[in-house]
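Encoded as C-alpha cells, the structure appears first; notes follow it.
Please treat every number below as a calculation from the coordinates, not as lab data. Note that the coordinates shown come from a computational prediction; the quantities given were computed from them, not determined experimentally. Glycine gets a Cβ as well: all are built from the backbone with ideal geometry, and neighbour counts include every protein chain shown.
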Amino acid sequence: MEEVKNSAYYARIRREKLIDDGLCPACGKTNDTDGYYCKKCADERKKYARLYYIGYQQAGVCPKCRKNSILGDEKTCPECRAIYTEAMTKYIKKNREQWNEYQKKMHKKAADERREKGLCVRCGRKRENQRFKNCERCRRIMREQSRDKRENLNITSREYRRENGLCFFCGEPVVDGLKVCERCRQRNKAAANSENAVKARQKMKEEGRGFYMHRNGGRR
C-alpha cells in the first residue's frame, strides 16, 4: 500500500536531508556540534524541555511518563524510576569499563571544582581548615574506616601494602623493583630536588649531622 504523503512525511524527509548534509534540522544552518542540533537550537530545546519538566512536577504529574501522579518530594513516579534503574543496571553491566572511567572523570571534575571553591572534595561542605582538602567530618570518617580495615585484617597498613605490592604512601600498585607507585615516585623526586630540600641538605652537611649524599653516590 502506497504511503500517504502528508505534511509529516515531507517534514521527515526534510529533516533527514538536513542531517545528512551536516545541517541543523531545526534552523537549517551549519551544525557546530556533534549532536543533531546546532548549539543555539540545542540550548533552546533544553530550556523549553526544562520548563515543561518543572511544570509537570509542580502540577503533581510525573514529567517522564506524563501520566502517573507524584507526591511530596518525588521527582518522578515509582514506575519510571524502576524502568530507569533497570535500564541503567543493564547498561553498567554491559559497559563496566566505560562507566568506571566516566565516574572517575566526573568525580575528579567535582573534586577540582570544590577544591577551587575551598570546599571539601569529598562531600562539598565548607572546610574548617584550608590546610586539608577534606572537612573534619570526612577526615574522621576516613580515619575510622582505615582503622576498621586494619583491625579486620589484623595488620598495619604499612605491612599490608608491603605484602600486597602496593605503594607505601598511597596504596596504588608499585613500579617494578620499587616500593612506591610511579606518581609518588615522581612527587618524591620533585620534593627531594626542590630548593628547600637542597638548602636543608646543605645545612646538615655544613653542621656535620645526619646523612647526606656524596658526589660519588656514597653516604656519610
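Among rounded, prolate and oblate, which fits segment 1-59 when a ≥ b ≥ c are the square roots of the eigenvalues of its C-alpha gyration tensor, a/c under 1.5 means rounded, and a/b larger than b/c means prolate?
Numbers: a/c = 3.78, a/b = 1.34, b/c = 2.81.
Taking the square roots of the gyration eigenvalues as a ≥ b ≥ c, segment 1-59 is oblate.
Please list, by residue number, every one of the GluC sites (Glu not before Pro) in segment 108-141 that is coil in DSSP and has at most 16 other beta-carbon atoms within 10 Å.
When the GluC sites (Glu not before Pro) of segment 108-141 are filtered for loop state and at most 16 Cβ neighbours within 10 Å, E128 remain.
Given the alpha-carbon gyration tensor of the chain, what are the semi-axes of its equivalent ellipsoid in whole angstrom, ordered largest first, with each equal to the square root of 5 times an eigenvalue?
57, 26, 20
Using +1 at the Cβ of each Lys and Arg and -1 at the Cβ of each Asp and Glu in the chain, identify which of V175, A200, C27 lies farthest towards the dipole's positive end.
Of the candidates, A200 comes out farthest on the positive side.
Please compute the length gained on full extension between N193 and N95, using 0.36 nm multiplied by the number of residues separating them and subtracting their Cα-Cα distance.
Numbers: separation 98, 0.36 × 98 = 35.28 nm, distance 4.30 nm.
Full-extension gain reported as 31.0 nm.
Would you work out the charge dipole size for segment 155-207 about its Cα centre, treating the Cβ of every Lys and Arg as +1 and the Cβ of every Asp and Glu as -1, and quote it to the nearest 20 debye? Don't jump to the answer; show the numbers that get you there.
Numbers: 12 positive and 8 negative charges, 31 e Å.
Result for segment 155-207 is approximately 140 debye, rounded to the nearest 20.
Evaluate the charge dipole of segment 1-59 about its Cα centre and quote only its size in Debye, nearest 20, assuming +1 on the Cβ of each Lys and Arg and -1 on the Cβ of each Asp and Glu.
Here segment 1-59 has a charge dipole of around 300 debye.
Could you sort out which of K117/K189; K133/K189; K47/K67; K109/K179 sit more than 27 Å apart by Cα distance in this structure?
K117/K189; K109/K179
Please give the charge dipole size of the chain, origin at the Cα centre, charges +1 on K and R Cβ atoms and -1 on D and E Cβ atoms. Round to the nearest 20 debye. Can you show the working numbers first?
On the way: 57 positive and 31 negative charges, 259 e Å.
Taking the Cα centre of the chain as origin, the dipole is about 1240 debye.
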